[in-house]
């Protein structure tokens, strides 16, 4: 009955317009991007559960950790099942997360909110984030940076939509926002389910022999861009994967440190900035985050992925240093420098799938991308920890204003320099990791014993034989 | 195995429906993004005027 969700039922006719695919990806990413607007619910939740900010902040942390873990664990399944089944699963998880969370709010059970929005919703985030990426790369082999930028821009834009929408719903359902939480979460759960399921319905994968008109696939590897493929299990054994993991970790740690503290930071830097103006600053950073995803990722198609990351990390380090040394001299300088830094933060997210495709080929790029997103989870803990711990220590020493952030901004410069060096060390993947012709079946499922390091092949040979036998009996 | 004319007609119909849905989704996500950007720009003005 649910066979229409299978990959084979989503293959598009040859003349299908590939520009009809991005809205499907955008619908999913705009929906799950709501997670960046979670702060809208923080104060009403604190009042509803009569608790402090920390236990409420845990809800967001759980969802981001689950995003990374589920993307890593379920990446291969997403690749095998195809985008429609993955998007539909993400829709069910994300929507159920809101509904279970609403039940927790209604009954005063905070653990149910952890389970709903945090765990179940977080799994929806992970699956939803990676589900359209490899499909878009297959539709836009000539411009993978533009393709992934289009999708991942939606994740940045999700907060722009969710923040005013949630505020409007909270105001509409009750006079006191804490009383409006349950209907608001139910409404959002239903709304996002509809949007994401529409995306799942619309998404199509190209036929195996399809290619854009007038585009000739490269016949040989050039620089770091390979024409070969590396399976997900082999990719994690390469130094390139871990160098890119470090690059993403450093870029996200530096960006998230500012994003998480944006409102208090600008008010501490400039005493005359009002809370309303600080909210405007946060909004501006969100816009920079969204625009950077499309702009810089598309630029990477022209100047190359390695050069683009050199800009993110090198220029980013320079801008951090400028903010640390001269940030208090001018509001415009501070806003401009941090705005560009956050655009690099967004660009880093959007460019990384194309970088992976260059290095490891397109066959299992979604699964490899999923594994790489554990860097995001780790950075989501490290970035705010560095900024908050240093600010707390400075307050304990009697410091105030911009002095609270000077040291953490300098540490971020160091973090970005580490990322810059890691990026410079990225070279083409050694051919011993390339999968053979027979390594991966048509649906992207990895066959054992191929493209793996020699030591692992013996272990897999026996199970591969057993699986082939099982496959034959199933076909029979 | 080649498909029958009836199958081809059915596939063409499904394809047209998907195209219409994709265009509709374009309108919805564009409207959503425009709403979000507009609301954000309203807030951003406070940064420079407030």
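The values are calculated or read from the model by the stated rules, or taken from the named source; none is laboratory data. Model, not experiment: these values are computed from the prediction. Here Cβ is always computed from backbone atoms with ideal geometry, including for glycine, and neighbour counts include all displayed protein chains.
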*Go through the residues of the range A:254-277 one by one and say whether even a single one is within 14 Å of another protein chain (Cβ to nearest Cβ), crowded, with 22+ Cβ neighbours inside 10 Å and without any contact (Cβ under 8 Å) to a residue 24 or more places away in the chain.*
yes
*How about the range A:1-36: which of its residues are more than 20 Å from residue A:130 (Cβ to Cβ), assigned to a helix (DSSP H, G or I) and more than 8 Å from every other protein chain (Cβ to nearest Cβ)?*
A:2, A:3, A:4, A:8, A:9, A:19
_Yes or no: the range B:16-24 includes at least one residue that is part of a helix (DSSP H, G or I), within 8 Å of chain A (Cβ to nearest Cβ) and at pLDDT below 80._
yes
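The rows are residues; the columns are (1) more than 27 Å from residue A:184 (Cα to Cα); (2) more than 22 Å from the chain's Cα centre (by Cα); (3) surrounded by 20 or more Cβ atoms within 10 Å (Cβ to Cβ).
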{"position": "A:5", "(1), (2), (3)": "yes, yes, no"}
{"position": "A:30", "(1), (2), (3)": "no, no, yes"}
{"position": "A:43", "(1), (2), (3)": "no, yes, no"}
{"position": "A:71", "(1), (2), (3)": "yes, no, yes"}
{"position": "A:93", "(1), (2), (3)": "no, no, yes"}
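Criterion first (out of contact with any strand residue (DSSP E or B) (no Cβ under 9 Å at 6 or more places or on another chain), within 30 Å of residue A:424 (Cα to Cα) and more than 14 Å from chain B (Cβ to nearest Cβ)) does residue A:170 satisfy it?
no
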_Pairs where the first residue, in the range A:281-298, is under 14 Å from residue A:311 (Cβ atoms) and the second is surrounded by fewer than 24 Cβ atoms within 10 Å (Cβ to Cβ), C-beta under 6 Å, 6+ apart_ = A:298/A:146
*residue A:402 passes all but one of (1) farther than 20 Å from residue A:341 by Cβ; (2) modelled with pLDDT under 80; which number fails?*
(1)
*Taking residue B:13 as meeting all but one of (1) modelled with pLDDT of 85 or more; (2) more than 9 Å from chain A (Cβ to nearest Cβ), write down the number of the exception.*
(1)
*Is there a residue in the range A:110-132 that is within 14 Å of chain B (Cβ to nearest Cβ), at negative phi and in contact (Cβ under 8 Å) with a residue 12 or more places away in the chain?*
yes
*asked:* Looking for something free of Cβ contacts under 8 Å to residues at least 40 places away in the same chain, within 14 Å of another protein chain (Cβ to nearest Cβ) and part of a helix (DSSP H, G or I) - is there at least one such residue anywhere in the range A:334-350?
replied: yes
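Test residue A:37 against the stated conditions and say whether it is at pLDDT below 90, within 17 Å of residue B:32 (Cα to Cα), within 18 Å of the chain's Cα centre (by Cα) and surrounded by 18 or more Cβ atoms within 10 Å (Cβ to Cβ).
yes
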*In the range A:405-444, how many are touching a helix residue (DSSP H, G or I) at 6+ places or on another chain (Cβ under 8 Å), surrounded by 15 or more Cβ atoms within 10 Å (Cβ to Cβ) and modelled with pLDDT under 65?*
1
_Which condition from (1) surrounded by fewer than 24 Cβ atoms within 10 Å (Cβ to Cβ); (2) free of Cβ contacts under 8 Å to residues at least 60 places away in the same chain; (3) over 26 Å from residue A:139 (Cα atoms) is the one that residue A:307 breaks?_
(3)
